[in-house]
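Here's the structure, in structure tokens; my notes come after.
The values are calculated or read from the model by the stated rules, or taken from the named source; none is laboratory data. The structure displayed is predicted, hence computed values, not measured ones. Positions of Cβ are backbone-derived with ideal geometry, glycine not excepted, and every protein chain shown enters the neighbour counts. Accessible surface areas use protein heavy atoms only, side chains included; no ligands, DNA or RNA. Shrake-Rupley method; radii C 1.70, N 1.55, O 1.52, S 1.80 Å.
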Amino acid sequence: MTEKDVIFGINGPVVTVKNTRTFSMMEMVYVGEARLVGEVIGISSRLTTIQVYEETTGLKPGDPVYGTGAPMNVLLGPGIIDNIFDGIERSLKAIEEMSGSFIARGSSVSALDETRYWNVHMKVKVGDRLSEGMIYAVCPETAIIEHRFLVPPGLSGTVVSVEQNGKYKLHDTIVTLRDDKGEEHALTLCQKWPIRQARPIQKRLKGDIPLITGQRVIDTLFPISKGGTAAIPGGFGTGKTMTQHQLAKWCDADIIVYVGCGERGNEMSQVLDEFSELIDPKSGRPMTDRTVLIANTSNMPVAAREASIYTGLTLAEYYRDMGYHVAIMADSTSRWAEALREISGRLEEMPAEEGFPAYLPSRLSEFYERAGRADTLSGAEGSVTIIGAVSPQGSDFSEPVTQNTKRFTRCFWALDKSLAYARHYPAINWMDSYSEYFTDLDPWYREHLGSEFLLFRSRITALLHEESALMEIVKLIGSDVLPDEQKLVIETAKAIRVGFLQQNAFHPDDTFVPMEKQKLMMKAILHLHNKAKRVIARAIPISRIMELGLFEKLAKMKYDIPNSQPELFDRLIEEMDTALASLTVQED
Amino acid sequence: MVLDYVGVQEINGSLIVLDGVKNASNEEMVDIRLENGTMRHGRIVQIEGEKIVVQVFEGTKSISLDNTRTRLKCRPMEMALSPEIMGRVFSGSGRPIDGFGEVYPVKKANINGTPMNPVSRIYPRNYINTGISTIDTLMTLIRGQKLPIFSGSGMKHNELAVQIVRQARISDSEDNKFGIVFAAMGVKNDVADYFRRSFDESGVLSRVVMFLNLANDPIIERTLTPRCALTAAEYLAFECDMHVLVIMTDMTSYAEALREFSSSKGEIPGRKGFPGYLYSDLASLYERAGMIKGSKGSVTQIPILTMPNDDITHPVPDLTGYITEGQIVLDRSLEGAGFYPPVSVLPSLSRLMKDGIGEGYTRSDHQALANQLFAAYARVQDARSLASVIGEEELAPVDKKYIAFGKLFEQYFVNQGFTENRTIEESLDLGWKLLSTLPRTELDRVDDVLLDKFYIENADEIVFESFSGAEKTGDEEDGEE
């Protein structure tokens, strides 16, 4: 008989319990009569410390604390896709039905609809030998996603009974398994998994397939692989969220997990609005059919914000294990780091840089290392790509979160304030950004787009670098004194910036650009550059070339040439050739 | 039986510590009676067994270790609400101070509010016409948005806020269903008075709810002021179906009060001594803007904050910018040049603008025009910095055009009289006129269809008529040259 555990102290979201031995580290607990969800984050013989995921107003010393005996976990099963959860996987739609437009405390709702019937199709028969992670049944979850039921990790055995194909609810037993010790285990449509523990895989694979995003600056200059990690740092107003939305809409992952971690409520309602209206070009279905949203807005409890990115990651891993390519957008990891700092402060831990706890880098690395492309336990191939936004304080990239994130991600898409001010979107600065996936991805590019693509890319990069060096001079003495050849570099670089790098998310064609068109656009720009260079070499002044208006054509080709008609590029190149030829003819 | 606890164990800044208190609950209100009969109010902020820490709203002056009797009120901080709060004046902690007595409550609400469920939010799309060219065209205010004004000491942010209040057409048809909630935090008496007079002059005083915590009022009360104001605003919006505009000034004072309180609690400081939870704390205020399904009302926020030393990277403007949906930044050099409102166009932004403008809201060319104006004005800055090195004479012809455009833009577009109310069409047309002074080939953000329609060829023939009010400043400018 254990004595009832009761609250001793309260400080913000941190609650302590005195003299107890009941709880274990990271155990999930319910606090108070209202049963607020909490997690054990510190234990000493005298005091157990619990962080509570909800407002602690009104809690009293002496209120009960109930243990659950299990770490903070999420429920995994059909109904996750097209749903919107808070940071600890409570369905916000269900909360709305229960408590109206404002989130009441202690709203205990099931993450998934327990009453809904799913059309389950069995994949095993009696006598089959199943090991962990294998598929025992499937059901259509949305029009495009098939939910595959996996034997929970750590469990294996022989099937002793299987239900008929048909309609089942979340907690119905459909398969019974007898393990080697002779114990029987019921397999239902759902399972639980602790959020802070990575789900096991068979083998990690090399990241040599790109995640195609349709965003030119990313696909061409700073690509990311499926299973890769990327950071998008940028001050406020530089378009982090916009970039994340674009990626969530257009990248070629099967499933998107979008984590709004400490961000704006209106933004989440925008995502809800937009994604349900937007049709995925590949499947012809609304984007919501492949999207999971986790919304823990900035005014929702800070401890749940800390948990939200793990919740998102666990959901992503679950779908990866089914053999899907999943991309997770975390907006923003800085808010998560701040939640860590806030809780660390309440625990009176010794702060490191800028008040952040000393374990910030290890937490960040744990998070990003859960990304990867892998052979799953069921033998399929899946991946989790993590794209994390970072909101550096004062737009200063030397602050701890940006710096540590930089160490653990392999893509760095630095957003630039001055580009954003000039409304150059996506405001990814081509000088500061980098991608470490180049060499891994080169074979793929060569195979699918030809080695010219790589050639074009390195020319484009070189021109941009050359321009940036020239601009240093221009800033001092003006552009008039430059020789024509260098003026041409500046004009071409401008065409690259305006015509290629800048992309209009609101334009029906320009919002997503296929790789083939990206390549042709580069080709057109470089073609004009090379031809113009030859014209200049014949002592024809660059002003004559500029009068032809060809560079303006390059700037507008993204609008003028629809994605579906790449053959128009040939005509554009012909047009440029004729125009330039007219110059040389006159000269002769 | 109600227990009084005699004396305190410890006093530290605005905090007192009591021991041996039974049955205290977190965030509970307490009354503290001093021996001389004065009454103070406080709130429990930390509990450790029977030891409680209480934050005293009115400060701890003249409290000694044993001259107090403390009583627990058994309820969290609540505000009395009824439709009659319109036209009333309250203290920073929500008590009436206009001498008309207590509010008879229809409802009592916890001032901390509860977070809005993101699922229940309506994505804001209806634009508010403020009659100010820069704001309407380039950083459109949307109903349900939170759009702060980043300013500095001595700049005309108060005037701008008043002008927005006066000119804003907040509600379209049901004209009487709007209200203003005004929260003053640590502002000077004169400023509060200025707002009051301006509301009076524009005839809206009866629709204003005022919460005043002036510069010499206790800082703990200051940390409650915006919460009281927003509780009132939410009530009016979501239960009385009103469109509420909340003006909160000055958020920097609020944050500093929070810092003072935090340091007296002995918390670990973050950047510039502000507490680590400043972001969450500010978010719990700003996020209370919006619209929800099933209610006709809306809460729109215009917080005003003065950037210490005009530094936009200071924690308060920085964190605010991360939470709010854009910002209106004022610029001292524009103000110095005599331009009003001194809106610094480039760093200003409205995030919700893109979905609230264009066909069906303002005009189909709005977005393209705004993009082009931003791009062109950004180019002006480049040309100016180049000119400052090599001199304007040496600039390339196109850069000279940009310099000229920049001057006209500031003089006619940014500059606008305090009483001048421009329609959206006027503002947009003016924008096109200005752009037409640049060569057509420079306008690369606009497609040809729009250019054909709006670009005015023969730029030299364009006459910039000064609108009333703008004229005067413009002439002065010319006179100086």
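Miscellaneous remarks
- Scope the range A:469-489; condition open to solvent by 30 Å² or more (accessible area, probe 1.4 Å) and either within 13 Å of chain B (Cβ to nearest Cβ) or not in a helix (DSSP H, G or I) (or both); matching residues: A:471, A:472, A:473, A:475, A:476, A:477, A:479, A:480, A:481, A:483, A:487
For (1) hydroxyl-bearing (Ser, Thr, Tyr); (2) buried (at least 17 other Cβ atoms within 10 Å of the Cβ); (3) modelled with pLDDT of 95 or more; (4) closer than 30 Å to residue A:523 by Cα, each residue gets a yes or a no:
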position	(1), (2), (3), (4)
A:157	no, yes, no, no
A:163	no, no, no, no
A:166	no, no, no, no
A:169	no, no, no, no
A:182	no, no, no, no
A:186	no, no, no, no
A:205	no, yes, no, no
A:214	no, yes, no, yes
A:225	yes, yes, yes, yes
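- Residues satisfying the stated conditions in the range A:344-361, i.e. in a helix (DSSP H, G or I) and either within 9 Å of chain B (Cβ to nearest Cβ) or among the charged types (D, E, K, R) (or both): A:344, A:345, A:346, A:353, A:354, A:355
Here's the yes/no breakdown for (1) among the small types (Gly, Ala, Ser); (2) open to solvent by 10 Å² or more (accessible area, probe 1.4 Å); (3) in contact with a strand residue (DSSP E or B) (Cβ under 8 Å, 6 or more places away or on another chain); (4) more than 19 Å from residue B:109 (Cα to Cα):
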site: B:186; (1), (2), (3), (4): yes, yes, yes, yes
site: B:197; (1), (2), (3), (4): no, yes, no, yes
site: B:229; (1), (2), (3), (4): yes, no, yes, no
site: B:234; (1), (2), (3), (4): no, yes, yes, no
site: B:251; (1), (2), (3), (4): no, no, yes, yes
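- Verdict on residue A:552 being within 11 Å of chain B (Cβ to nearest Cβ) and in contact with a helix residue (DSSP H, G or I) (Cβ under 7 Å, 6 or more places away or on another chain): yes
- Scanning the range B:270-287 for residues that are more than 8 Å from chain A (Cβ to nearest Cβ), open to solvent by 10 Å² or more (accessible area, probe 1.4 Å) and over 16 Å from the mean Cα position of the chain (by Cα) gives B:272, B:273.
- The condition of being in a loop (DSSP other than H, G, I, E, B) and over 22 Å from residue B:417 (Cβ atoms) holds for only one of B:100, B:150, that being B:100.
- Just so you know, in the range B:11-47 the residues that are among the charged types (D, E, K, R) and closer than 19 Å to residue B:75 by Cα include one that is farthest from the other protein chains (Cβ to nearest Cβ), and it is B:33.
- Of the criteria (1) among the polar types (S, T, N, Q); (2) closer than 24 Å to residue B:166 by Cβ; (3) surrounded by fewer than 22 Cβ atoms within 10 Å (Cβ to Cβ), which one residue B:313 fails: (2)
- Selection status of residue A:306, under 22 Å from residue A:241 (Cβ atoms), out of contact with any strand residue (DSSP E or B) (no Cβ under 9 Å at 6 or more places or on another chain) and crowded, with 22+ Cβ neighbours inside 10 Å: no
- Residues within the range A:248-265 that are touching a strand residue (DSSP E or B) at 6+ places or on another chain (Cβ under 6 Å) and assigned to a helix (DSSP H, G or I), tallied: 2
- Every pair of residues 6+ apart whose Cβ atoms lie under 7 Å, when the first sits in the range A:187-216 and is at positive phi while the second is of a type in the set (Phe, Trp, Tyr): A:214/A:250; A:214/A:512
- Only one of the numbered conditions (1) touching a residue at least 60 places away in the same chain (Cβ under 8 Å); (2) under 15 Å from residue A:512 (Cα atoms); (3) within 14 Å of another protein chain (Cβ to nearest Cβ) is violated by residue A:272, and that is (2).
- Among the residues of the range A:280-290, the ones that are more than 14 Å from chain B (Cβ to nearest Cβ) and either modelled with pLDDT of 90 or more or buried (at least 17 other Cβ atoms within 10 Å of the Cβ) (or both) come to 5 in all.
- Tally of residues being open to solvent by 10 Å² or more (accessible area, probe 1.4 Å) and facing another protein chain (nearest Cβ under 9 Å) across the range A:92-121: 9
- Criterion applied to B:101, B:113, B:92, B:154 was being buried (at least 23 other Cβ atoms within 10 Å of the Cβ) and of a type in the set (Gly, Ala, Ser), and the one residue passing it is B:92.
- Failed item in (1) open to solvent by 20 Å² or more (accessible area, probe 1.4 Å); (2) under 17 Å from the mean Cα position of the chain (by Cα); (3) charged (D, E, K, R), with residue B:393 passing the rest: (2)
- Residues of the range B:288-319 that turn out to be in contact with a Gly (Cβ under 7 Å, 6 or more places away or on another chain) and either more than 11 Å from chain A (Cβ to nearest Cβ) or outside any helix (DSSP H, G or I) (or both), as a count: 11
- Considering the range B:122-147, and only residues there that are open to solvent by 10 Å² or more (accessible area, probe 1.4 Å) and either free of Cβ contacts under 8 Å to residues at least 40 places away in the same chain or not in a loop (DSSP other than H, G, I, E, B) (or both), the residue that is farthest from the other protein chains (Cβ to nearest Cβ) turns out to be B:129.
- When the range A:26-57 is filtered for residues that are within 37 Å of the chain's Cα centre (by Cα), open to solvent by 20 Å² or more (accessible area, probe 1.4 Å) and free of Cβ contacts under 8 Å to residues at least 40 places away in the same chain, the ones remaining, listed by number, are A:30, A:43.
- Considering the range B:319-363, the residues that are of a type in the set (Asp, Glu) and more than 30 Å from residue A:332 (Cα to Cα) include one that is most open to solvent (accessible area, probe 1.4 Å), namely B:359.
- The single condition among (1) polar (S, T, N, Q); (2) within 22 Å of residue B:306 (Cα to Cα); (3) out of contact with any strand residue (DSSP E or B) (no Cβ under 6 Å at 6 or more places or on another chain) that residue B:206 does not satisfy is (2).
- Selection of the range A:8-23 for residues being more than 8 Å from every other protein chain (Cβ to nearest Cβ), β-branched (Val, Ile, Thr) and surrounded by 22 or more Cβ atoms within 10 Å (Cβ to Cβ) yields A:14, A:15, A:17.
Condition check ((1) small (Gly, Ala, Ser); (2) within 11 Å of another protein chain (Cβ to nearest Cβ); (3) surrounded by 21 or more Cβ atoms within 10 Å (Cβ to Cβ)) across all residues:
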residue: A:217; (1), (2), (3): no, no, yes
residue: A:228; (1), (2), (3): yes, no, yes
residue: A:243; (1), (2), (3): no, no, yes
residue: A:252; (1), (2), (3): no, no, no
residue: A:259; (1), (2), (3): no, no, yes
residue: A:265; (1), (2), (3): yes, yes, yes
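- Among the candidates A:567, A:552, A:574, the residue that is loosely packed, with under 14 Cβ neighbours inside 10 Å, among the acidic types (Asp, Glu) and under 37 Å from the mean Cα position of the chain (by Cα) is uniquely A:567.
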